[in-house]
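A quick write-up on the structure given underneath.
The values are calculated or read from the model by the stated rules, or taken from the named source; none is laboratory data. Note that this is a predicted model, so its numbers are computed, not measured. Glycine also receives a Cβ, built like all others from the backbone with ideal geometry; neighbour counts cover every protein chain displayed.
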Amino acid sequence: MAEDKQSGLVQGTLYMLILKTLTLEPMHGYGIGVRLEQISKGVFQVNAGSLFPALRRLERDGLIAGEWLVTENNRRAKYYRLTPQGRAKLTRETRDWEVQTRAIARILEASPGEL
Amino acid sequence: MGMFKRTIAGCRSLVRRAAVEKELDAELEDFLTTAVEHKIRSGLSREAAIRAARLEIGSAAAVKDAVRDIGWESVIDRSWQDVRYAIRNLRKSPAFTAVTILTLALGLGASTAIFQLADAVRLRPLPVDHPEQLVEVRMADPARGRMGTFAGRRPLFTNALWNELRHRQQAFAGMVAWGAYPVNLSTRGEAQFVQGLWVSGDFFNVLGVRPHLGRLLASSDDQPGCGNPAAVLAYAFWQRQYGSDAAMIGKTVMLDAHPFEIIGVAPRRFVGLEVGRAFDVATPICAERILNREQSALNDRSWWWLTVIGRLAPGWSLERASSHLAAISPEIFRSTVASGLPSDVAQAYVESTLQAFPGSTGVSGTVREEYESPLWVLLAVAGVVLIIASANIATLLLARATARERDIAVRLALGAARGRLIRQVLTESVLLAAAGAVAGLLLTQILSDGLVGLLRSSGFQFFSVAFNLELNWRVLIFAAAVTLVSCLLFGLAPAVLATRPSIGTLLRATGRTSTDTRPRTSARSLLVVAQVALSLVLVVTALLFTRTLHNLTTVDSGFNLDGVGSVVIDYQRAKVPPERRLELQARLLDGVRSIPGVQSAASVRMVPLTGESWTGHVVMDGIQHQKQTYFNRVSPAFFQTMGAEFIAGRDFTTDDSLTGRRVAIVNESFARGLLGRRNPIGSTFQMPASPGASQPTFEIVGLVKDTKYTSLREPFEPSAFFAASQERRPLEYVNFVVRTTSASLAVTRAVTEAVRRTEPEAVVLVQPFRAQIADSLVRERLTAMLSGFFGAVAALLAMLGLYGVVAYGVTQRAREIGIRTALGAQRSEVLALVLRQSTVLTGIGVALGLAAAAVATRYLEGMLFGLSPLDPSTFIAVSLAFPAAASLAAYLPARRAASIDPLVALRCE
C-alpha cells in the first residue's frame, strides 16, 4: 500500500518534492498535496495514502518538523516546516538529481555514432 | 540520521502509542475538512465535496496502516497485535486449539524421542577427549584364522595379540583394551550379577576421562600379579548400589567373591565405549587371573575376549594407520599363534592383517546393529505420522478459514493488505506450533524414558541396555526443524488459500453458496488423498512388524517352554577339585529334583535360545564336514524337561559313565545333513583333535526332533548333544533347566534353598524361560508396538480427514442437494452422489499407498521373520479394510445429505 500508482513518481523523489514545497513557508498536509498538484500542472496527484507515510518518514528522519497551529479558518492543523538538516538534504538531493538528469539526457540524446 | 535517533523515535512511538494515534487521527480529520472546504470553494455542493474528498483519500484505516508501517517499531507493534488477535481467535475455539496442540505435541514428542534414541545409538560422539581421534583396531577378516573360546560381546583380541600390537605399533599416541564380563557381587545365596569391565591400565588416561571422585586406574594398577586389585565404579552404579556414598572410596567390593579396593568413581557421562551398554565396575586386566584362576585368559592364546581402540598420534590418518597396521601384522600374528591349532587355521592366522576403523562414536557389540535400522524406520514412521497430522491440522485450519471467509473479504475490501492478512493467519499457526513444540519437548523426556524402559530387559542385568539420554544440540535442532517444517506444512497453505478469493465474488457469494471455491476443494482433496496413501503405508508396515512378532512368538522352537526356567549355579568359592565336580553337580540336581512342584530337571552346558553357542566340526568316515555343527552337553531328562520329542533311540542314562563308550544324541537336521539315508541309531562320528591326540568317537544312541539353538530367528541347524556324565573337564559352574507346575516365586526360593543345603558356598540365579525369550524379542516387540500405534493413529487421522472433507462438501452443496431432492432425486441417489466423491478420493489414495508400500517395505526385509515384504495377505487385507473404513467415514455425512429437507435447504437463503 506504500506505493502510489497514480502519481507515477520515481521512488524517493516524493520526499524531495515535499521538501521543496516547504522551502518557502510551513504548510499542512493537504496544502502540500495541492501545491504539488498545482506546480506540476496536475501531473502529480499525491493522495493521502502516499503523502502521510512520506511526511511521517521525513519527520522521523528530522528533515521536517511538525507543529500544531491555528489555520486561517480558525481550526487547528499540523504545519510542517523544513529543518536545517532538511534544507541541507534538499540542496544535496537537488544537486545529485541535476547531475543524474543531465547524464541521462546526454545518453538519451546521443547520436547513433556516439553509441 | 543516526541509528540512535531512529531507535529513540521508535521507542517513543511505542511508548506513546495512544498519543501518536490520536495525533494522526486529528491530522487526517483536518486533511478531510480542508479538502472538503477546498472543493466547496471550487463550486461543488457540500455532499458532492464530501464524497469527492472521501474518494480521494481512500480508506482512512489503510492510510493509517501505511503511516504506522514507517519505522522498525511497527514490526514489533504489528506482531504483538497479530499475536493478541491470534490468541483471541484460538480462545474462541478451545476444542480445536486443544486437539491441534495435542496432536502436534504427540507427533513432535514421539519423533524427537525416537531421534534422541537414534542419536544415542548412532550419532553421539563418546564423552571423552577428542573422540574424533579414536579408531578401533581389529582383524580385517575375523572369520578366518580364529579358533578357541570367545567370551564377552566383542571377542576380537587375545591378550597376547593385544600386548604384541601395543608394543609394536607407532601409529597411536595411546591404545586401550577392554573386555566385558558379568560379575557377581554376592558371596552366597542368590547371585547379583553386574556388568564388569576388564580394562588396560591406562584406559582412562588415554581416553582423557577424569574421576568424579577419588582416582581412576593407572598403568601402575595393571602389572603382572596385580597385587591388591583396584576397582573403579561407574557413577550410576555407585549411586544405585551405594547411595552416592563418598566414603566408599578405599572400601572393599567383592567381585566373584574376591576383594577389590574401590579407588574412585567415573564421571556420570562416561559409561564405557560400547554403544547402549554401560559398565558397573572397571577392573584392571591383570586381575582376570584372580577371578578365573586355572582358566585365566591372560596366557591363553586361543581365548578371545578383548576389544581395542587407539588414539591416533598427531599427523596420522585412518588410512595411514591401516597401512601401518598391515605392515606390522605378519610379525604380530607370527609371534602370537596358539599351539595345537589345526594347520589350516594356524596358516590363516599368521596370514591375517589388522585394520583401523572409525571409533569416534564408540564401538558396538550388538546394540547398534540391532537397534539402528529399527530406530531409523520408526523415525521415518513418526515423521510420516507428523506429516499426516499436519495435513489434518491444515484441513482444520482451512475449514476455519472458510468460516472466516466473509470476515476476510470485508477486511480486504476495507483496504487490508493481503500480506498482513496472511501474516495474521500464519501467526495463529506459529502460535499453535510453538505451543505444540513446548508440549512436545516435555513429552519427549517421558516418551524416551518409556522407550528405554521397554528396551531394558527384565532379567539378567548384564544383558540390559543403557542409554545416556540428554537434550543435546542435535536433538534440539531436530525438534526445532521438525516444528518449523510441520508449521509451514499446515500453516502456509491455508493462509495463502484463505486470502486468495477476490473481494467481489466472495462478498456476493457467501451465504448463498451453491458451488465451492475451487482452490480450496482441490487442496483439501489432495490432502486427503495424501493422508490415505501415507497412512496405508504405515498400516502395512505395522502389520508386517506385528506379524513378524507373532511369527516369532509362535514359531516352533522344538521345545515346549511353558513352566520351564533356567538356573545358574556358581560354586567356585567352594573350591571343589575337578574330579569331584561331576558328583557335586549330580547332588545339586538331585536336590532341585526333590522340590515339590518340580516335574523334572536337567543340566545343560549352553542354555538354548540365550544366544550362547558351542560350535565345531564333525568328522564322518574320516572326512571333516565343512559346515559347523552345534554342540551341547546335557544330562538325562534334558529333552523331557524342555518338552523336546524323541523320534528314535534312548535318552542318556546314569550308565553313560566316564569309562563307558562315548554316546551322543542328534537332531533331525544332523541326521538329514550328515548321515544321509543311514539309520542314525548306532552310527558313529568323530571330533577333530589337535595333531597327535586321538579323535574321540561317539556313538549315536538317540534321535530327537529339530530344536533351535541360539535364537528363535535362526533356522533348524544340525545339533549334537553329548552326555553331561561324560564331561572330562567339568567347570566351576553349572546350568540347570527346570520344569515346574507353577512358575511362582516360591519355586525360585525353594531352588535357592535346595542349592544352599547341598553346597552353602554356591551362588544361584533363577530365571523363567518365557521371560528370557521375551527379553530376546524386545526389539521386535518395540518395533511392532510403536509402528502399530503410529499406524493406528495415522489411519484414524486419515479417516477423520476424509470425514471432514465429505462433511464440508455436504454443507457446501446443501442447496444443490435440496433442489435435487425437490426435483425427485431418491435418497439412494443422493447417497451415491456424496459417496462417489469419497470413493474416488479413497481409491486414488489406496492405489498410491499400495504402490508406495510395495517400494517402502523392501527396505524392511531384514527386519521381518516368516513373511515376505510383499506379504499378499497383508496387502489384500489393507486394500479391503481401507475402502471399508473410508465408506464408513463418508457414510455419516452422506446420510445427513440424504435427509436434507429441500424446504429447509431452500429457505435458508
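Of the residues B:ALA648, B:ALA602, B:ALA664, which is farther than 30 Å from B:ASP775 by Cα, in contact with a strand residue (DSSP E or B) (Cβ under 7 Å, 6 or more places away or on another chain) and buried (at least 20 other Cβ atoms within 10 Å of the Cβ)? Please lay out each step first, then the result.
On the way: B:ALA648 fails: buried (at least 20 other Cβ atoms within 10 Å of the Cβ); B:ALA602 fails: farther than 30 Å from B:ASP775 by Cα.
Only one candidate passes the filter, namely B:ALA664.
Any residue at all in the range B:885-897 that is at pLDDT 90 or above and loosely packed, with under 14 Cβ neighbours inside 10 Å?
no
Let me spell it out: the conditions are (1) farther than 18 Å from A:THR91 by Cα; (2) more than 14 Å from chain B (Cβ to nearest Cβ), and A:PHE52 meets all of them except one. Which number is the exception?
The one condition A:PHE52 does not meet is (2).
Quick one: what pairs do we get from the range B:731-748, first residue closer than 14 Å to B:GLN767 by Cβ, second of a type in the set (Phe, Trp, Tyr) and modelled with pLDDT of 85 or more, C-beta under 7 Å, 6+ apart or different chains?
Short answer, once both residue conditions are applied: B:VAL737/B:PHE638.
Could you say which residue among B:THR100, B:THR34 is in contact (Cβ under 8 Å) with a residue 60 or more places away in the chain, in a helix (DSSP H, G or I) and β-branched (Val, Ile, Thr)?
Just one listed residue meets the conditions, B:THR100.
Given the criteria at the interface with chain B (Cβ under 7 Å from one of its Cβ atoms), within 20 Å of B:ARG54 (Cβ to Cβ) and not hydrophobic (A, V, I, L, M, F, W, C), does A:GLY62 qualify?
no
Can you pull out every residue in the range B:27-79 that is of a type in the set (Asp, Glu) and within 12 Å of another protein chain (Cβ to nearest Cβ)?
Within the range B:27-79, the first condition is being of a type in the set (Asp, Glu), and the residues that meet it are B:27, B:29-30, B:37, B:47, B:56, B:65, B:69, B:73, B:77.
B:GLU27, B:GLU29, B:ASP30, B:GLU37, B:GLU56, B:ASP65, B:ASP69, B:GLU73 - these are the residues of the range B:27-79 that are of a type in the set (Asp, Glu) and within 12 Å of another protein chain (Cβ to nearest Cβ).
Condition first: hydrophobic (A, V, I, L, M, F, W, C), within 19 Å of B:THR783 (Cα to Cα), surrounded by fewer than 18 Cβ atoms within 10 Å (Cβ to Cβ) and touching a residue at least 60 places away in the same chain (Cβ under 8 Å). Can you find one or more residues in the range B:867-878 that meet it?
Yes - at least one qualifying residue is present in the range B:867-878.
Scanning the range A:65-115 for residues that are away from chain B (no Cβ under 14 Å) and among the polar types (S, T, N, Q), which turns out surrounded by the most Cβ atoms within 10 Å (Cβ to Cβ)?
A:THR94
Only one of B:ARG138, B:ARG154, B:ARG146 is under 25 Å from the mean Cα position of the chain (by Cα), within 30 Å of B:ASN292 (Cα to Cα) and more than 14 Å from chain A (Cβ to nearest Cβ). Can you tell me which?
On inspection, the qualifying residue turns out to be B:ARG154.
Checking the structure you have, find out if any residue of the range B:361-371 is more than 30 Å from B:ALA533 (Cβ to Cβ) and of a type in the set (A, V, I, L, M, F, W, C).
yes
Would you check if there is a residue in the range B:105-127 being away from every other protein chain (no Cβ under 14 Å), more than 23 Å from the chain's Cα centre (by Cα) and crowded, with 20+ Cβ neighbours inside 10 Å?
no
Go over the candidates B:SER322, B:SER302, B:SER317 one by one and state the one that is more than 30 Å from B:SER694 (Cβ to Cβ) and crowded, with 16+ Cβ neighbours inside 10 Å. Steps first, answer last, please.
Working: B:SER302 fails: more than 30 Å from B:SER694 (Cβ to Cβ); B:SER317 fails: crowded, with 16+ Cβ neighbours inside 10 Å.
Result: B:SER322 is the single residue among B:SER322, B:SER302, B:SER317 that is more than 30 Å from B:SER694 (Cβ to Cβ) and crowded, with 16+ Cβ neighbours inside 10 Å.
Which of the residues belonging to the range B:335-383 are aliphatic (A, V, I, L, M), surrounded by fewer than 22 Cβ atoms within 10 Å (Cβ to Cβ) and at pLDDT 80 or above?
B:VAL337, B:ALA338, B:VAL345, B:ALA346, B:ALA348, B:VAL350, B:VAL377, B:LEU379, B:ALA380 - these are the residues of the range B:335-383 that are aliphatic (A, V, I, L, M), surrounded by fewer than 22 Cβ atoms within 10 Å (Cβ to Cβ) and at pLDDT 80 or above.
Answer yes or no as to whether A:LEU69 is farther than 27 Å from B:SER59 by Cβ, touching a strand residue (DSSP E or B) at 6+ places or on another chain (Cβ under 9 Å) and at pLDDT 90 or above. Please lay out each step first, then the result.
Numbers: farther than 27 Å from B:SER59 by Cβ: yes; touching a strand residue (DSSP E or B) at 6+ places or on another chain (Cβ under 9 Å): yes; at pLDDT 90 or above: no.
When the stated conditions are applied, A:LEU69 does not pass them.
Are there any pairs, at least 6 apart or on different chains, whose C-beta atoms fall under 7 Å, with the first in the range B:324-335 and under 15 Å from B:ASN163 (Cβ atoms) and the second surrounded by 18 or more Cβ atoms within 10 Å (Cβ to Cβ) and of a type in the set (Asp, Glu), and if so, which?
If the second residue must be surrounded by 18 or more Cβ atoms within 10 Å (Cβ to Cβ) and of a type in the set (Asp, Glu), the pairs left are B:ILE332/B:GLU164; B:SER335/B:GLU164.
So how many residues does the range B:336-393 have that are in a helix (DSSP H, G or I) and of a type in the set (Ser, Thr, Tyr)?
Residues that pass the stated criteria total 5.
Right, A:GLY33: under 24 Å from A:PRO84 (Cα atoms) and either part of a helix (DSSP H, G or I) or more than 14 Å from every other protein chain (Cβ to nearest Cβ) (or both) or not?
Yes, satisfied.
Just to check your reading of the model, which residue among B:GLU761, B:GLU753, B:GLU727 is surrounded by fewer than 20 Cβ atoms within 10 Å (Cβ to Cβ) and in contact with a Phe, Trp or Tyr (Cβ under 7 Å, 6 or more places away or on another chain)?
Result of the check over B:GLU761, B:GLU753, B:GLU727: B:GLU761.
Yes/no matrix, rows are residues, columns are (1) among the polar types (S, T, N, Q); (2) at pLDDT 85 or above; (3) part of a helix (DSSP H, G or I); (4) within 23 Å of B:ALA416 (Cβ to Cβ):
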residue	(1), (2), (3), (4)
B:PHE4	no, no, yes, no
B:GLU21	no, no, yes, yes
B:LEU28	no, no, yes, yes
B:ASP65	no, no, yes, yes
B:SER79	yes, no, yes, yes
B:VAL83	no, yes, yes, yes
B:LEU108	no, yes, yes, no
B:ALA113	no, yes, yes, no
